[in-house]
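S.K.: Quick one: structure below, then a few questions.
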Amino acid sequence: MELIAYFLSLKPLNLLSALPGNIVQGIIWGIMALGVFITFRLLNFADLTVDGTFAAGGAVTVVLILAGIPAPIALAIATIVGLLGGLVTGFLHTILGIPDILAGILTQISFWSINLLVLDGANRAVNVDKYHLIVSLRNISSSIVTMLVFAAVLVSILYWYFGTEQGSAIRATGNNPQMVKAQGINIDFMKVLALGLSNCLVAFSGGLMSQFQGFADIKMGQGAIVIGLAAVIIGEVIGDALIGKYMNFYIKLVFVVLGGVIYYFVIGLVMWLRMPTDLLKLFTASVVAIFLAIPYLKAKTNNSFVFANKGGAQKNA
Amino acid sequence: MLKLRNVHKTFDIGSINEKAALCGIDLQLAEGDFVTVIGSNGAGKSTMLNAIAGVWPVDEGSISINGTDVTALPEYKRAQYIGRVFQNPMTGTAASMGIEENLALALRRGDRRTLRWYITKTEREHYYTELKKLGLGLEDRLTDKVGLLSGGQRQALTLLMATLKKPKLLLLDEHAAALDPATATTVLDLTNNIVLENKLTALMVTHNMTEAIRHGNRLLMMNAGKIILDISGEEKKRLRITDLLERFKELSGVQMETDSVLLS
């Protein structure tokens, strides 16, 4: 009886009405995922700076807007702060020889204090009625258009950049650093460059998120890296299933953004089912674990060990 | 062309694994020298090549290429002078990138990486003709990922990459050792043609005495971090394996572990 009452209490229309907002947030996460894709997939560097630079992007944007600076300029400055965060992680790793994960964690944790200083507290609100914001949940239809344009432009820029001499040197660095050195490329420089670029995108996305939700919060970056990974991996698995071998780099980038949208749609669905929001992070982690495991388990079930085992079992029977 | 003066290198100094790998290497190569390097395991052959390439700093001595002192230059900066092929076919190429992408990276060896598009139409035609010369059919697979190629194909491609932009010095570190005998012969013949055609200065480490004698105009024998024999010219042409084994015993005081050198 209770179950029926629960299902009756769910309102399909609510799910539908939440969809446009979820799409906007999904694209914002998708842009952050592009940054994660650069480090995690192209550079082969597990960069945990992301949680810090995402919140920093949000904090800097909101504080600057409140100080009377136009939103686009505030967003641009926030992006530069992200760049600096990436460079710090890069220097910690290349010049001071700190392992990649640890270098990222150190920068990330430093940003916690920096963001508290910037926000002068745990959070700051920015009212869309008083300030002109680029995106806002009070104006979803125009936000969708804006975000689609941003995503298209960023995907195109990244596609171009990673097709240049410099971009292909970054890709090669993630692939085979020894070969890259033998071709006269400074791999330290390439790593720092890629980390900077990646965290630019992350902070940019954080700046958009704070405008969309109308506030910046010290905790808004918590778990951002996991959401980014979720988007990257969901995008890859689904892109692979739909496009398969016709996949090219441009479509791959599009699917990373789509991964963000799909992720956020699933979150919207879960919230609509009234799952306690406390469990969201647990849920996200599970989604990432499952999608990371799929390619591995697929390879594991399609090999001669398994076939031979099955054959052997039949003979015995 | 290449000049090594009193080069020393000891690994793991102060530990129980301390190993004096290079103990005073003096070597001078003339332009166009094609030098083969032999010696038993641990003699310092690969270490000498790595010292020249700048994989790590040396403890003592100096290295100059074409009159430029490169002793203080890191590996990536020396790459402007040096083309390299490694023993492991996986080392010289980027597996998840295409054949033409790998060639494009190699064509710009030592150049600043700009924001120009990484591959042009004329370059692609250039890659096509160069790959065709290898005779392995790679010219029709320009966009294939290098990870799909066999070890021999990858070594041939690495060889082409190392020489696509003419290097002052070509370093070949047992680059045929990981291949089956037939493929090894193909790769070595290819090497010989490329070196002679482009009049390259090359150092080729090998485990195979027959190949060491067959190729090049000069032969070095190493033992315990030193060059113990340096043969060139007419003497090199008349050289036979038995001579080498005899000279090795005479110079080093021990028998060379012959099975690997003789049978390969």
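Quick note: the coordinates plus some simple rules give every number you see, no bench work behind them. Just so we're clear, the structure is a prediction, and the values are computed from it rather than from any experiment. Neighbour counts run over all protein chains shown; Cβ positions are idealised from the backbone, glycine included.
S.K.: Rg over Rh of the range A:118-195, using C-alpha atoms and the Kirkwood radius, what does it come to?
M.R.: Numbers: Rg = 19.9 Å, Rh = 16.1 Å.
My calculation puts Rg/Rh at 1.23.
S.K.: Taking θ = phi - 60°, what integer Hz values does the Karplus form 6.51 cos²θ - 1.76 cosθ + 1.60 yield along the range A:39-47, in sequence order, with x for Gly and Pro?
M.R.: Taking θ as phi minus 60°, the curve returns 7, 5, 9, 7, 8, 6, 10, 7, 9 Hz for the range A:39-47.
S.K.: Is the range A:47-198 best put as rounded, prolate or oblate by its Cα gyration tensor, with a ≥ b ≥ c the root eigenvalues, rounded for a/c under 1.5, and otherwise prolate when a/b is larger than b/c, oblate when not?
M.R.: On the way: a/c = 3.18, a/b = 1.55, b/c = 2.05.
Cα axes put the range A:47-198 in the oblate bin.
S.K.: Cut-off is 10 Å between beta-carbons; in what order do B:MET204, A:MET32 appear when sorted fewest neighbours first?
M.R.: Values: B:MET204 28, A:MET32 33.
In increasing order of surrounding Cβ atoms, one gets B:MET204, A:MET32.
S.K.: Related question: How much of the DSSP bridge set in the protein assembly as shown is antiparallel, in percent, rounded to the nearest 5? Don't skip to the answer; put the middle values down first.
M.R.: Working: 26 of 43 bridges.
Percentage antiparallel, nearest 5: 60.
S.K.: Now for a separate question. Please list the equivalent ellipsoid semi-axes of the range B:144-232, computed as the square roots of five times the alpha-carbon gyration tensor eigenvalues, in descending order and whole angstrom. Intermediate results must be reported in sequence, preceding the final value.
M.R.: On the way: eigenvalues 111, 50, 28 Å².
Each semi-axis is the square root of five times an eigenvalue, giving 24, 16, 12 Å.
S.K.: Using the Karplus equation 6.51 cos²θ - 1.76 cosθ + 1.60 (θ = phi - 60°), what ³J(HN,Hα) coupling, rounded to whole Hz, does each residue of the range A:128-137 give in order, writing x for Gly and Pro?
M.R.: Taking θ as phi minus 60°, the curve returns 5, 6, 8, 10, 8, 9, 6, 9, 7, 6 Hz for the range A:128-137.
S.K.: What does the charge count around A:GLN108 come to, taking other residues whose C-beta lies under 11 Å from its C-beta (Lys +1, Arg +1, Asp -1, Glu -1)? Each step should come with its number before you reach the end.
M.R.: Numbers: positive: none; negative: A:ASP47, A:ASP51.
Taking every other residue near A:GLN108 into account, the sum is -2.
S.K.: Okay, next question. List the trypsin sites (Lys or Arg not before Pro) within the range A:190-295 that DSSP assigns to loop and that have no more than 12 neighbouring Cβ atoms inside 10 Å. Working shown, then result.
M.R.: On the way: sites: A:LYS191, A:LYS219, A:LYS245, A:LYS252, A:ARG274, A:LYS281; in loops: A:LYS219, A:ARG274.
Counting only loop positions with at most 12 other Cβ atoms within 10 Å, the trypsin sites (Lys or Arg not before Pro) in the range A:190-295 are A:LYS219, A:ARG274.
S.K.: Could you please report the charge total around B:GLY225, scoring K, R as +1 and D, E as -1 over all other residues with beta-carbon less than 11 angstrom from its beta-carbon?
M.R.: Values: positive: B:LYS9, B:LYS19, B:LYS45, B:LYS226; negative: none.
Charge balance near B:GLY225 sits at +4.
S.K.: Using the basic label-point model (7 angstrom from Cα toward the beta carbon), what is the B:TRP56 to A:LEU96 distance in nanometres?
M.R.: About 2.5 nm, to one decimal.
S.K.: Another one. Check which residues have an amide H placed less than 5 Å from B:ARG84's amide H, if you skip close sequence neighbours.
M.R.: B:LEU171
S.K.: With each run of n ≥ 4 DSSP H residues scored as -39500 (n - 2.57), what mean residue ellipticity at 222 nm is computed for chain A after dividing by its residue count and rounding to the nearest 500 deg cm²/dmol?
M.R.: On the way: 13 runs with 240 residues, N = 317.
Rounded to the nearest 500, it is -25500 deg cm²/dmol.
S.K.: If one computes P(r) from the Cα atoms of the range B:29-109, what percent of pairs lie at distances over 18 Å? Don't jump to the answer; show the numbers that get you there.
M.R.: Working: 1745 of 3240 pairs.
Of all Cα-Cα pairs in the range B:29-109, 54 percent lie more than 18 Å apart.
S.K.: Quick check for me: using +1 on Lys/Arg Cβ and -1 on Asp/Glu Cβ, what's the dipole size of the protein assembly as shown about its Cα centre, in debye to the nearest 20? List each step's numbers first, then the result.
M.R.: Values: 50 positive and 44 negative charges, 174 e Å.
It works out to roughly 840 debye.
S.K.: Also: Be a star and scan the range B:83-105 for residues whose amide nitrogen sits under 20 Å from the point 7 Å along the Cα-to-Cβ vector of B:ALA177.
M.R.: In the range B:83-105, the label zone of B:ALA177 (backbone N under 20 Å from the point 7 Å along Cα→Cβ) covers B:83-93.
S.K.: Additional query: So what's the convex hull volume per residue for the Cα atoms of the range A:1-124, in Å³? Intermediate results must be reported in sequence, preceding the final value.
M.R.: Working: hull volume 21.7 nm³, N = 124.
Once divided by residue count, the hull of the range A:1-124 is 175 Å³.
S.K.: Could you tell me the ratio Rg/Rh of chain A? Both radii from Cα atoms, Rh via Kirkwood. Before the final figure, lay out each step's value.
M.R.: Numbers: Rg = 21.3 Å, Rh = 20.8 Å.
Reported Rg/Rh (Cα atoms, Kirkwood Rh): 1.03.
S.K.: How many percent of DSSP beta bridges within chain B run antiparallel, rounded to 5? Intermediate values should be presented prior to the final figure.
M.R.: Working: 22 of 39 bridges.
The antiparallel proportion sits near 55 percent.
S.K.: Next question, about the same structure. Enumerate the whole-percent occupancy of each 10 Å bin, from 0 to the last occupied one, for all C-alpha pair distances of the protein assembly as shown.
M.R.: Final binned percentages: 3, 15, 21, 19, 16, 13, 8, 4, 1, 0, 0.
S.K.: Using the 10 angstrom Cβ neighbour count as an exposure proxy, how do A:SER113, B:SER252, A:SER304 rank, fewest first? Before the final figure, lay out the partial values.
M.R.: Values: A:SER113 11, B:SER252 19, A:SER304 8.
If I rank by nearby Cβ atoms, fewest first, I get A:SER304, A:SER113, B:SER252.
S.K.: Report the calculated FRET efficiency for A:LYS11 and A:VAL306 (r = Cβ-Cβ distance, R0 = 45 Å), to the nearest 0.05.
M.R.: Numbers: r = 46 Å, r/R0 = 1.02.
My answer for the efficiency is 0.45.
S.K.: So, one more: Where Lys and Arg each count +1 and Asp and Glu each count -1, what net charge lies around B:VAL7 among other residues with Cβ under 11 Å from its Cβ? Please report the intermediate quantities before stating the final value.
M.R.: On the way: positive: B:LYS3, B:ARG5, B:LYS9, B:LYS226; negative: B:ASP26, B:ASP59, B:GLU60.
So the environment of B:VAL7 carries a net charge of +1.
S.K.: Along each of the three principal axes of the Cα atoms of chain B, give the extent in whole Å, ordering the values from largest to smallest.
M.R.: Between the extreme Cα coordinates on each principal axis of chain B lie 58, 39, 37 Å.
S.K.: I need the phi-derived Karplus couplings for the range B:5-22: 6.51 cos²θ - 1.76 cosθ + 1.60, θ = phi - 60°, integer Hz, Gly and Pro marked x.
M.R.: 10, 6, 7, 10, 8, 10, 8, 6, 4, x, 9, 5, 8, 3, 9, 7, 8, 10
S.K.: Let me ask something else about it. Could you check the simple spin-label distance between B:ARG124 and A:MET271, using points 7 Å along Cα→Cβ, in nm with one decimal?
M.R.: With each label point 7 Å from Cα toward Cβ, the separation is 4.6 nm.
S.K.: Grab the beta carbon distance between B:ASP140 and B:ALA224, set R0 = 51 Å, and tell me the FRET efficiency rounded to 0.05. Don't jump to the answer; show the numbers that get you there.
M.R.: Numbers: r = 48 Å, r/R0 = 0.95.
Once the sixth-power term is evaluated, E becomes 0.60.
S.K.: Using a Förster distance of 30 angstrom, determine the FRET efficiency expected from the C-beta separation of B:ASP12 and B:ASN193, and round it to 0.05. Numbers along the way, then the final one.
M.R.: Values: r = 40 Å, r/R0 = 1.35.
Given R0 = 30 Å and the Cβ-Cβ separation, E is 0.15.
S.K.: OK, next. With a 10 Å Cβ neighbour count serving as the proxy for reagent exposure, in which order, fewest first, do B:LYS133, B:LYS165, A:LYS181, A:LYS298 appear? Walk me through the intermediate numbers first.
M.R.: Details: B:LYS133 13, B:LYS165 16, A:LYS181 23, A:LYS298 10.
Placing the least packed residue first, the sequence is A:LYS298, B:LYS133, B:LYS165, A:LYS181.
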